[in-house]
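Heads up, the thing below is written out as structure tokens.
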Amino acid sequence: MILTPVFVLFCCISLTFAQDSNWRFGMIGKEWYDMEAYEKDSEAEALVIHDLGQSSFQQNAGEFFVIFKRKTRIKIFTEAGLDYAEVEIPIYREGGIYEKVIELEGYTYNYSNGQLDRTVLDPSDSYIEKINDYWAVKKFVLPNVQPGSIIEYGYTVRTQNKYNLHDWEFQHRIPTLYSEYTVKMTPFYTYAYILQGANDFDVFESGEDNGLKQNFGAVEYKEIVHKFGMKDIPAFRGEEFITSINDYLIKLDFQLSKINNTTGQTFEIMSTWEDMTKEFMKHADFGKYIKKSEKSYKEVIGENRFDGLSDSAKVCKIVGIVKSNVDWNGNYGRVATGKPKDFIERKTGNVADVNLFLTGILRGAGLNAYPVMLSTRGHGRVWRDYPFSHFFNYVIAAVETNDGLIMVDATSTLCADNRIPPRCLNDWGLILGQDEPVWVSLNFDIPSEVSYDFNIQLAKGNMQAEVKALSTEYEGYRLRSAYGDETTELAEVLEKKYVDAVIDNVTISHPFETEHPYQFEYALSGPVEQINNKIYISPFLQETVKENPLKQQSRNHPVDMTYPTKRTYHAEIALPAGYNVDYVPDPIKFSNNDFSMDYAVIREGDLLSVDLTYAFHRAIYPKKSYHSLKFYFNELVKKANEKIVLVATSEP
Amino acid sequence: MLRYEKKVVFNGREVVTYNFCEIQINDPSGDCYGEIQIPYSSIYRLSDVVAVITDFAGREVRKVKKKEMTDRSAISSISFYEDDFIREFKLKHNTYPYRIRYSYTITSKQFITLVRWIPAIDIDIPTRSATLDVTVPANTNIRCQLRGVSRPDTLTDGTDCTYTWTSSYEGKAGEELSAPPALALLPEVTVMPEHFYFDKPGSLSSWKSFGNWVCELNAGLDQLSPGEEARIERCISNTTDKREQLQLLYRRLQEETRYVNISIETGGFKPYPASYVAEKKYGDCKALTNYFQSVLKVAGLESYYTLVYLGENINPVDTNFVVPQFNHAILMVPLDGDTLWVDCTSKAPLNYVGPSLQNRKAFVVDRDNSRFLDIPPLRYQDVVQTRKVHFSRMMNGKVRGEFTTVYRGGEYQELHYYQRNYHRADNEYIIRKYFTARGFEPMGHEMSFPCDDSAYVVLNVEAVSPSFCKEYGSDLIFNVLPMNLPRFEKPGRRVNDVQLNCPVVLKDTLEYRLPPGCAFGSLPEQVSYDSDFGSYSLTSRVVGDHVEVIKEFTLFPGHVSLEEYDTFYDFVFACLSAEINKYIVFTKT
């Protein structure tokens, strides 16, 4: 992924949006109707012919509105492409911001038997779906769309929100022939932008608008126009084991950096992380919320005492108490939604309500606790070179202790009190509230371990096995989330896994005690695999990896496995009377920085010990490692499922 | 649920329904029942929402404030837009057990039923006490349908008559394989007046009167422009054969229109006009059906707007009780003595009746002659899945498998949908993930629909497995590729009867080529089971240079009661056991 440096928008060549776009509704050459597939991507279900956007500022009663216009033309090739005729426009509404979609128009063109048929979208056939208190979407379906149709639509979004100028995605899930974004700047707002996923633009022009001069207050000015264009952008195709499409799409991201008022004064909005940190710490729903939360310490902690506890033990205890007092409502956010007093009363809130409150309580206990802003795995990564607050969608707390920095999150009762949930394991987080902003790695290097012990007895064509499993860290979290203390559910899963066996004595230890590994045990009895005079035993039964999860023949993106893993299997097999060992798999020992595997079988008298340990040492493997990683999985699947063969030495 | 009360008051013009729930949350796993969602719309107006948290003893902990309640659109996954909304809020306390109480009122001037009452919040959550009061003017005739609820007490004060039902629910187990539909397991009371008003006045005195109301609702919606009529006539101008005409028009419908559900106000029952679909080329099931009926009318072909309850798990319509029990519209076309069922949202062949439509009652709307007809069940030949695989061991020890599978029934529909609606890369992912034998890595696939009029798909997959054949000393051991048989709960765990809606028929022909330098070793033994519930067989033999294994599994459709479940399970378990741990051994020479 390539990121260009931050650009601040200003410069000096004359141009106009309308002249340069070279595009009008309905002006479509016959070649587009005749096109049956896109030659550079013959499987593409549709093709974006033009996607043109423009943001500009419009004066209205002494203030500016941001006007975003978009015009898009798409050729539909197949039925799968019909989905592109269903269009959704997000609209934001909060406080004084009331976004509105205006000037909606849409057309569908079909050309058959020498006749052009144009169907017009009736704007009254558009609907607003309310998503939540802040977001809604304006939706419409273009009429009379079939494979072969060309659709085009345009709309304008009018907003008071100048902080996030409309971003622009050059890339879509279908290929794009030409995508262009024009921004017309006033002297009063300065924006920074970053380009993700590409080095450069095919078109980049910047200059003074050649229209009339404008006035705002006593200031006379001409708009500065910046145009960004790209050609022949391939379709983005998702893959398994990636974090978020947001990390990979080619797009432009804008953020307000300065406000320059008519008197010549300049207000830096978010030019540095330092400034952003200060802003947040002064914010009523962030820094001030934490301070107010400190006052709830006594109410929350009550009679609990932490005498003699180390700082890290104290942190865990407090996190546990907060978790038992309040509940996450499932919503993300980087600022609280109300006052701590209200939060305590309703006992449920978004991530920021919960974790900023936690930060306050930790501070109330005399600990050095700080809020940490981050972006969750599904939300994309944070670009640390660019101080854009909208990168973040989540807050956790970090505490300085003698044992080092501990990051905590009170939204999940199934996650250990000194761990953050897997959704937060995404690159870097920003610690706020210290003298300077500090970045902390959110990647988790400790491998999540799973270990199995098998005790296998064979007699008269039957196998009896006792199995113990233990899972730590995020593997424990995964099982806690899946089964908790539900032995019945676990037994049902085991019964479906071992079709011809009887599963008994299923027990679970530490189902919710997150400070301990998650453990379960079961007993199994069932027929042994027998062919002629030989017995075939899978020493690790059905508990190892059965197939390679990496089945693509090539890979375009890194493989993100969230956290490193280690698995250990130990089986003891008592040789039955009248049988000898016919075949044992060869030992293997292999290790490098990415992967290690160790397999050995040892015979001591009538006891066979089979051991397998393997580890994937990294959470993220670059795409160049894909074939090696796939190879490791293949070898692992083979070795882990090899059978021990016993042969009858006499009639059993 | 401790208490669930519903009070319905009908004054002859509008229905006012007061709802009250009290739920006890015993531990954190029950917190989800404190996440309250109340549906409403412009027709079903919501008011007087009150919510309170109390402790175990019933002492009020706090009342939910209005600002804590949020509203959002409620649009189902099958719809593009609906003008329904949900008011939601969360009731949460940190000391268990705690209780939540909430109440609200819904008012509506348009209704068909007065109330449909299911006194349960979830299939596995018990309800201690539930009461339904329905008050109507004393001169109003009402009818009710009861399932698992006793007849009501009646109180008349001269002006009004109040009916009171009481109920409770033990809470049955959650999801089980092939269980009857969840709704059929819950107690239920449905009450309706003889006369109702929903867009138009109607009567539920008979299916005939209900059918007439549907006719009224659809009246005048069949108009098409002269241009559209001319196009229809052009489309069939080359043939006078009615079946061929129907075929041509259905293909035109499939090519030109698509399913988009936009439901506004009475849109849950009333179709958009045919002219709307003709112009937009989209609509929901009602709109597309109404449109196609209009098209057929122009062509002079007789057809009937028909209502059904769609779903693979059949929820039988109670024909003794006149109340709408449908969720889908199709067209019934009588043609040359045949009855054709035409789903206007489908892209499958004409008269294709898939698992979601087969074997159920269909309500054929016909003024003064509305009636139920039976949609026929799927037969064995309609659902049989045949798989032929040729395995050969390569020089590197991996096994190459050439899979040719013919899918019918549900899998046909799925693949048909994916192929039409997904990009090839997405199809590759689906084939890799769901349609490739475990342990095999697909190298390529081809999907073909050999004939427009046949409801099956042929999927060819070429795949490689590094572990399908294992070498142990001088033995090369191949697995006998298992079939994907249903895995039912063990008898002690099963709570519900089994409802098998259509037959399951799987046929495998597996060919294992003799690896170079090897001789034939052992083959799996023959297996054959026959039972009242189905059959299973496995045979193997050497044919030329390969071993051939033929397997067949059949599960009959029908109902298996809990009393029969042990025997049923024994059969299924025997088949599953026969499928695993089966090997073919070749010996190095």
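The values are calculated or read from the model by the stated rules, or taken from the named source; none is laboratory data. All values reported here derive from a predicted model rather than from experimental measurement. So basically every Cβ, Gly included, is an ideal-geometry build from the backbone, and we count neighbours across all protein chains shown.
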Inset, instruction - Examine region A:449-469 for a residue that is over 30 Å from A:VAL647 (Cβ atoms) and either part of a loop (DSSP other than H, G, I, E, B) or touching a His at 6+ places or on another chain (Cβ under 7 Å) (or both), and state whether such a residue exists. - result: no
Legend entry - Of all residues making up region B:422-447, the number that are part of a helix (DSSP H, G or I) and more than 7 Å from chain A (Cβ to nearest Cβ): 8
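Rundown of residues vs (1) without any contact (Cβ under 8 Å) to a residue 24 or more places away in the chain; (2) of a type outside the set (Ser, Thr, Tyr); (3) surrounded by fewer than 20 Cβ atoms within 10 Å (Cβ to Cβ), yes/no style:
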position: A:ARG334; (1), (2), (3): no, yes, no
position: A:PHE357; (1), (2), (3): no, yes, no
position: A:GLY360; (1), (2), (3): no, yes, no
position: A:TYR370; (1), (2), (3): no, no, no
position: A:GLY380; (1), (2), (3): no, yes, no
position: A:SER389; (1), (2), (3): no, no, yes
Legend entry - Conditions (1) closer than 30 Å to A:THR413 by Cα; (2) surrounded by 19 or more Cβ atoms within 10 Å (Cβ to Cβ); (3) touching a Cys at 6+ places or on another chain (Cβ under 8 Å): number failed by B:VAL136: (1)
Legend entry - Qualifying residue in region A:495-505 (condition: of a type in the set (S, T, N, Q), touching a residue at least 24 places away in the same chain (Cβ under 8 Å) and either exposed (fewer than 15 other Cβ atoms within 10 Å of the Cβ) or touching a Phe, Trp or Tyr at 6+ places or on another chain (Cβ under 6 Å) (or both)): no
Inset, instruction - List the strands (runs of 3 or more DSSP E) that sit entirely inside region A:123-220 and contain at least 2 residues that are free of Cβ contacts under 8 Å to residues at least 40 places away in the same chain and away from chain B (no Cβ under 14 Å). - result: A:203-208
Inset, instruction - Please go through region B:259-291 and pick out each residue that is assigned to a strand (DSSP E or B) and touching a helix residue (DSSP H, G or I) at 6+ places or on another chain (Cβ under 6 Å). - result: B:GLY283
Legend entry - Among the candidates B:ALA179, B:ALA173, residue that is at pLDDT 90 or above and part of a loop (DSSP other than H, G, I, E, B): B:ALA179
Inset, instruction - Of the numbered conditions (1) over 29 Å from A:GLU521 (Cα atoms); (2) in a strand (DSSP E or B); (3) touching a Phe, Trp or Tyr at 6+ places or on another chain (Cβ under 9 Å), A:ILE406 fails exactly one; give the number of that condition. - result: (3)
Legend entry - The listed residue being in a loop (DSSP other than H, G, I, E, B), of a type outside the set (Val, Ile, Thr) and under 30 Å from B:GLU194 (Cα atoms), out of B:PRO39, B:PRO119: B:PRO119
Legend entry - Scope region A:474-494; condition assigned to a helix (DSSP H, G or I), among the small types (Gly, Ala, Ser) and either without any contact (Cβ under 8 Å) to a residue 40 or more places away in the chain or at the interface with another protein chain (Cβ under 10 Å from one of its Cβ atoms) (or both); matching residues: A:ALA482, A:ALA491
Inset, instruction - Scan region A:631-649 for residues that are in a helix (DSSP H, G or I), surrounded by 16 or more Cβ atoms within 10 Å (Cβ to Cβ) and more than 9 Å from chain B (Cβ to nearest Cβ) and report the count. - result: 5
Legend entry - Leading residue by the ranking (surrounded by the fewest Cβ atoms within 10 Å (Cβ to Cβ)) among those in region B:566-588 that are β-branched (Val, Ile, Thr) and within 14 Å of chain A (Cβ to nearest Cβ): B:THR587
Inset, instruction - Scan region A:366-413 for residues that are in contact with a strand residue (DSSP E or B) (Cβ under 6 Å, 6 or more places away or on another chain), modelled with pLDDT of 90 or more and under 24 Å from A:ASN246 (Cβ atoms) and report the count. - result: 12
Legend entry - Of residues in region B:452-483 being within 12 Å of chain A (Cβ to nearest Cβ), assigned to a loop (DSSP other than H, G, I, E, B) and among the polar types (S, T, N, Q), the one farthest from B:PHE391 (Cα to Cα): B:SER474
Legend entry - Candidates B:THR140, B:THR107, B:THR190, B:THR113, filtered to the one that is within 20 Å of B:GLY12 (Cβ to Cβ), under 31 Å from the mean Cα position of the chain (by Cα) and part of a loop (DSSP other than H, G, I, E, B): B:THR113
Legend entry - Yes/no for A:ILE102 being farther than 26 Å from A:ILE233 by Cα and either at pLDDT 90 or above or out of contact with any Asp or Glu (no Cβ under 9 Å at 6 or more places or on another chain) (or both): yes
Legend entry - Sole exception among (1) surrounded by fewer than 20 Cβ atoms within 10 Å (Cβ to Cβ); (2) within 14 Å of chain B (Cβ to nearest Cβ); (3) in contact (Cβ under 8 Å) with a residue 40 or more places away in the chain for A:SER625, by number: (2)
Inset, instruction - For A:GLY114, work out the one condition from (1) touching a residue at least 12 places away in the same chain (Cβ under 8 Å); (2) of a type in the set (Gly, Ala, Ser); (3) away from every other protein chain (no Cβ under 14 Å) it doesn't fulfil. - result: (1)
Inset, instruction - With the condition kept exactly as written, say whether any residue in region A:534-557 is outside any loop (DSSP other than H, G, I, E, B), of a type in the set (Lys, Arg), within 14 Å of chain B (Cβ to nearest Cβ) and touching a residue at least 40 places away in the same chain (Cβ under 8 Å). - result: yes
Legend entry - Verdict on B:GLU563 being within 14 Å of chain A (Cβ to nearest Cβ) and among the charged types (D, E, K, R): no
Legend entry - Selection status of A:THR562, polar (S, T, N, Q), in contact with a helix residue (DSSP H, G or I) (Cβ under 8 Å, 6 or more places away or on another chain), crowded, with 18+ Cβ neighbours inside 10 Å and on the phi > 0 side of the Ramachandran plot: yes
Legend entry - Residue, nearest to A:ASP327 (Cα to Cα), within region B:66-82, restricted to residues that are more than 8 Å from chain A (Cβ to nearest Cβ) and not in a strand (DSSP E or B): B:MET69
Legend entry - Sole exception among (1) surrounded by fewer than 22 Cβ atoms within 10 Å (Cβ to Cβ); (2) closer than 20 Å to A:ARG419 by Cα; (3) more than 10 Å from chain B (Cβ to nearest Cβ); (4) of a type outside the set (Gly, Ala, Ser) for A:ASN329, by number: (3)
Inset, instruction - Check A:PHE10, A:PHE17, A:PHE68, A:PHE57 and return the single one that is at pLDDT 80 or above and either charged (D, E, K, R) or over 30 Å from the mean Cα position of the chain (by Cα) (or both). - result: A:PHE57
Legend entry - Residue check, A:VAL120 modelled with pLDDT of 90 or more and either surrounded by fewer than 15 Cβ atoms within 10 Å (Cβ to Cβ) or over 22 Å from A:HIS166 (Cα atoms) (or both): yes
Inset, instruction - Give me a count of the residues in region B:196-221 that are aromatic (Phe, Trp, Tyr) and over 18 Å from B:CYS144 (Cα atoms). - result: 2
